[in-house]
Amino acid sequence: MSKFINRRDALRLGSGIAAAGGIAACTGASQSAAVAGSADTTELAPLEFDNPVWNRDKLVRIQGNVDSSQQKWGWYGGRVFGVRPGEADRHVCNFEGFSVARMLPLGDGNYRKVLREVGFYLDKDTGKILETFENPYTGERVNVVPVANDPFNVTFEAFWPEPPSYGGLNAERPPRRPLLLNWREFGDRVLLHTDIHLYYPSSLQPEEWPRESPGPMTQVSEMFSYNIAKEALMDPNADTIENMGVWNRITPWFPWMLMDQGPGHMVYACDFAGRKTSEGIPQQILDAAKALDPKYLEAPYEDYGPSLSSLENYKLTETPAPLRAD
């Protein structure tokens, strides 16, 4: 078990206190002061939650490092559940992986994050990486396809980022809004909540991919809850800000499960951490990433695309499965 996973109890304790009303919403600038008990003599800057430029600058450091010679490691891991109407949800497997990101300056304080990421599905009992899997819904043994996205890039400005286009499949372009994030203060910690909800044409259309397709449209949601040291957010000299938190994803059945467009979906319930190094990422995960391609251990140095999720990449790397013989 990784060092990151051992921290989840502290996160859940914080969530319980929040539910009891212990966290005050922050809609304006917090008071400027040095954090009590700190041995660092750095004069801390105020928390400017209502300033879009401040939000951009902190989000860049949370998700990367403004020193472009350095990369930011992002670990994630947890459980994956199957959800089908008319029955209890099932713990299908576990999931663990990491990303490596680099921030490229664009001028005017804006940055382009360039990122590679991998993720592996694990046996829920042994923790070993799955290569094949007996689908508990169909009884069919299927080949497991890991997540391997290169790249997945995004631009950080003082406005909300545009939704990913997934190679032109998602044409949604909402009006530009100032980047005012959902922050919450709790003692010497700060919580940040972000989410994204998408509905766009599927790359795996039923006519070509009858067994893998979720249907004509893809519906995906992701929810992130960051847990950050307040002092780190207030440090004016920080190039990066380490963090940890909880990540949930709602997504169609994995294509490789071959669910024949049946009703239902998958839910990821995972923890995550943003670190300066790979410390704490299990060796089997690092080794598996290297076996896919050593490039997954190093963030890109330049911007390229398109940025695709695992659902779109599946179409590029796999072929449609034969129809079920009934």
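The values are calculated or read from the model by the stated rules, or taken from the named source; none is laboratory data. In this text the structure is predicted, and so the values were computed from the model without any measurement. All Cβ positions, glycine included, derive from the backbone under ideal geometry; neighbour counts span all protein chains shown.
Residue 288 - would you say it is surrounded by 14 or more Cβ atoms within 10 Å (Cβ to Cβ) and out of contact with any Lys or Arg (no Cβ under 9 Å at 6 or more places or on another chain)? Outline the logic, then answer.
Numbers: surrounded by 14 or more Cβ atoms within 10 Å (Cβ to Cβ): yes; out of contact with any Lys or Arg (no Cβ under 9 Å at 6 or more places or on another chain): yes.
So residue 288 fits the description; yes.
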Do you know which residues across region 77-136 are polar (S, T, N, Q), touching a Gly at 6+ places or on another chain (Cβ under 8 Å) and closer than 21 Å to residue 62 by Cβ? 99
Do any strands (runs of 3 or more DSSP E) entirely within region 145-208 hold 1 or more residues that are over 29 Å from residue 229 (Cβ atoms), and if so, which? 147-149, 189-201
Residue, surrounded by the fewest Cβ atoms within 10 Å (Cβ to Cβ), within region 255-278, restricted to residues that are within 25 Å of residue 224 (Cβ to Cβ), over 16 Å from the mean Cα position of the chain (by Cα) and among the small types (Gly, Ala, Ser): 278
Please go through (1) under 22 Å from the mean Cα position of the chain (by Cα); (2) outside any strand (DSSP E or B); (3) not β-branched (Val, Ile, Thr) for residue 231 and return the number of the only condition it doesn't satisfy. (1)
Which residues, counting only those in region 243-295, are over 24 Å from residue 141 (Cα atoms) and of a type in the set (Ser, Thr, Tyr)? 277, 278
Restricting attention to region 254-308, and to residues there that are of a type in the set (A, V, I, L, M, F, W, C) and in a strand (DSSP E or B), which single residue is nearest to residue 209 (Cα to Cα)? 266
Subset of region 74-108 that is at pLDDT 95 or above and in a loop (DSSP other than H, G, I, E, B) - its residue that is surrounded by the most Cβ atoms within 10 Å (Cβ to Cβ): 84
Among the numbered conditions (1) in a helix (DSSP H, G or I); (2) at pLDDT below 95, tell me where residue 60 comes up short. (2)
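Yes/no per residue for (1) in contact with an Asp or Glu (Cβ under 7 Å, 6 or more places away or on another chain); (2) at pLDDT below 95; (3) among the charged types (D, E, K, R):
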position: 216; (1), (2), (3): no, no, no
position: 220; (1), (2), (3): no, no, no
position: 249; (1), (2), (3): yes, no, yes
position: 258; (1), (2), (3): yes, no, no
position: 271; (1), (2), (3): no, no, yes
position: 280; (1), (2), (3): no, no, no
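Select from region 167-214 the residues that are of a type in the set (Ser, Thr, Tyr) and either more than 20 Å from the chain's Cα centre (by Cα) or surrounded by fewer than 17 Cβ atoms within 10 Å (Cβ to Cβ) (or both) and write down the one among them that is farthest from residue 252 (Cα to Cα).
Across region 167-214, the extreme among qualifying residues is 194.
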